1. Cα to Cα, under 17 Å, and not fewer than 8 places away if on the same chain: which aspartates and glutamates meet these conditions relative to Lys109?
2. Apply the Karplus curve 6.51 cos²θ - 1.76 cosθ + 1.60, θ = phi - 60°, to the phi angles in region 50-67 and return the couplings in whole Hz, x for Gly and Pro.
3. Please get the size of the charge dipole for the chain, origin at its Cα centre, with Cβ charges of +1 on Lys and Arg and -1 on Asp and Glu, quoted in debye to the nearest 20.
4. Once you have a ≥ b ≥ c as the square roots of the Cα gyration tensor eigenvalues for region 9-134, tell me rounded if a/c is under 1.5, and otherwise prolate or oblate according to whether a/b is larger than b/c.
5. Through the Karplus equation 6.51 cos²θ - 1.76 cosθ + 1.60, θ set to phi - 60°, convert the phi angles of region 71-76 into ³J(HN,Hα) values in whole Hz; use x for Gly and Pro.
6. Please give the peptides 107-113, 117-123 ranked by average Cβ packing (other Cβ atoms within 10 Å per residue), highest first, as a rough proxy for protection.
7. Once amide H atoms are built 1.01 Å from N in the peptide plane, which residues 5 or more positions from Tyr20, or in another chain, come under 5 Å H to H?
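Derivation of every value follows stated rules applied to the coordinates shown; laboratory data play no part. Every value quoted in this text rests on a predicted model; they were computed, and no experiment measured them. Note: ideal-geometry Cβ built from the backbone for every residue, glycine included; neighbour counts use all protein chains shown.
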Amino acid sequence: MKKKKSPEITTVNRRARFDYSLGDELVCGMALSGPEVRLIRDHHVQLKGSFVTIRNDELWLNNLTLGAETARNIRLLATKKQIKSLEREKVAGSTIVPLKILAGGRHIKLVVALGKGKKKYDKRETIKRRDLDRGRF
C-alpha cells in the first residue's frame, strides 16, 4: 500500500500575513502548461505582487512571476460553489490573497485566503507583537 506524500511548499507569499488579516483558506488547482510546471518545481516562481480575481465565474491568479517571464495570468480550478462563496465575501469587502504554492505530489495547488487589508497602525502592532515574542525588548 502506497503512503500518501504530504504536499511540499514551494513558494510562500510572506507579505500576505503582514498586509492582510486572513480568514478562511481554500486550496485550488492550477491550469498550467509543461514549462510552467517545471519552473514551479524548480522554485523559479514568485507570488509577491500577485492577486486573485473572479472573471466570468472563474478564478484567475494575476501577475505570477515565473522564471524570467513576468506577469502571467493563470486560471485556478475550483468548484462553482467555492467560487460563489468567494464572490459573496469579495462583495462584502474582502480580498482574495494567494498564500502559497504546494507542489509535493503529482498536482500543483495554490492556497488562497480571504483577507481584509490592514491599516498602518495594525501593521505597526504586528511588528511590535513579533518583536516582543522574539524577546528583543
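1. Those aspartates and glutamates meeting the cut-off are Glu8, Asp24, Glu25, Glu36, Asp42, Glu58.
2. Result, rounded to whole Hz: 8, 8, 10, 10, 10, 10, 6, 6, 10, 8, 10, 8, 9, 6, 7, 8, 10, x.
3. On the way: 32 positive and 15 negative charges, 92 e Å.
Around 440 debye, computed over the chain.
4. Oblate is the answer for region 9-134, as a/c is 1.5 or above yet b/c matches or exceeds a/b.
5. 6, 8, 10, 10, 6, 9
6. 107-113, 117-123
7. So Tyr20 has HN proximity to Lys118.
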